[in-house]
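Below is one structure; the comments refer to it alone.
A short reminder: the numbers here are calculations on the coordinates, not readings from a lab. Since the model is a prediction, treat every value here as computed from it, not as a measurement. As a convention, Cβ positions derive from the backbone with ideal geometry for all residues, glycine included, and neighbour counts pool all protein chains shown.
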Amino acid sequence: MFDRYEAGEQAVLVHVSFTDENNKEDIDELKLLVSSAGVTPVATVTGPRKSPHARFFVGTGKAQEIADTVHTMGADIVIFNHALSPAQLRNMEQKCECLVLDRTALILDIFAQRARTYEGKLQVELAQLHYMSSRLVRGWSHLDKQKGGVGMRGPGETQLETDRRLLSARITTIKSRLSKVSKQREQGRRARLRNEVPTVSLVGYTNAGKSTLFNQITEAKVYAADQLFATLDPTLRKISVDDVGTCILADTVGFIRHLPHDLVAAFKATLQETREATLLLHVVDCSDENYLANVEAVEEVLTEIDAGEVPHLMVMNKIDALEEAEPRIDYDDLGVPTRVWLSAQKNIGVDLLFDALSSLLSGKIRSLQLSIPPAQGKLRALFYQLECIENEVYAENGDCVIDIRLNNTDWQRLIKQEGDYIEQFVVDNNYQTVAELEKDDWT
């Protein structure tokens, strides 16, 4: 991106505790981010402040303490657990005589390491370029800014103008390419809507176990590890749900507190899968002491990307790390599933998740009995393909009498494809919502 650190370099971490709730960050989360980036923390400098210092972000005394710690520990880099302005970064670099990164740059670098697909790499590069555009000055601070004479410019200003033009051209190119990718994704979404295929999107705080659950359900072998942002690129797979049929399951990037706005904007095409999903599976690491704060952070990001109103099901993952937790489904007063308790890694309670999906996605279930004449063998075969036949007997006149159970969407689609003549063979017709069926069994 610009001056970069190397894996294994030693870093001094800086964490400031503000009285303002909006500025609070988690020092443990910073350590996880640094570890995910491959950097070794050798010291942590902390301190309280009411508000950021205009020049150094921290006070002048604390800035000197950070610089002394860098020299004492022989550190190569300073990493702040906060977003700093370009001027604050430049001043701290001059003070510490080493590279200084803020929280935003650290997250962008981790994303750059994780991006594997063409789209993911473009999105990360776009976010990096936006971040760089306001920080070009420090890259050419060693060059003169002015020369003698009216209207004359020094090599510093000339180089800055050249860099800005190159950045602007590259940003335009990447946006154009991402626009094509977005159109391709939109075509896929329209096709799924035409076929009325539900889309279920996995969301949640980073390292909550989304990719592990995705692999357990789909056997997709998506990369999963105990680190932040282990999975960056979205992955879509088909799954089969009882009373629903084929669904699309999407594994998306994990969220984090104060996710950089440039990153949210760059990943607009990816996050579109979340915004337009039929159902969100909000995966929560229930073994984390701060899981309630993590849930809040995810909900804030969902609201920011206009996905706050999408129906969601809470998936309480990693119950194997709790002493008294058992796999179960929690219901509301109407018998609608609200939470599923499971362990994706140990494959405990995953079957309950499918039960909850069936309940939430099926809508109205039809239970029908049809009397199909021998000449309509093709129609009987269609019901076998849908795997909805529960019972089958033959009447004295040779008709095949079958009892079927399928959701109303599949029934209407079948009539649309094959014609209204199918309804003449129906001898018994009844339907109710899956929530009502689940509530009857539950109560």
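Using 0.36 nm per residue, how much length does the chain from Q385 to A321 gain when fully extended, once their Cα-Cα distance is taken away? Difference between extended and current length: 18.9 nm. With each label modelled as a point 7 angstrom along the Cα→C-beta vector, the I348-S51 pair spans 5.0 nm.
Extension gain for Q94 to T19 (0.36 nm times residue separation, less C-alpha to C-alpha distance): 24.2 nm.
Label-to-label distance, V181 versus D333, with points set 7 angstrom from Cα along the beta-carbon direction: 4.6 nm.
Relative to the current alpha-carbon distance between E423 and E219, full extension at 0.36 nm per residue lengthens the span by 69.5 nm. Within the range 324-420, the GluC sites (Glu not before Pro) that combine a DSSP coil assignment with at most 14 other C-beta atoms in a 10 angstrom radius are E324, E387, E396. Taking only the Cα atoms of the range 53-134, the ratio Rg/Rh comes out at 1.06, with Rh defined as the Kirkwood radius. Simple point charges give the picture: +1 on the Cβ of Lys and Arg, -1 on the Cβ of Asp and Glu, and for the range 40-97 a dipole about the Cα centre of about 340 debye. Modelled spin labels at A43 and Q113, positioned 7 Å past Cα toward Cβ, are 2.3 nm from each other. Does a label point 7 Å from the Cα of R413, set along Cα-to-beta-carbon, have any residues of the range 369-397 with amide nitrogen under 11 Å, and which are they? Answer for this model: 386.
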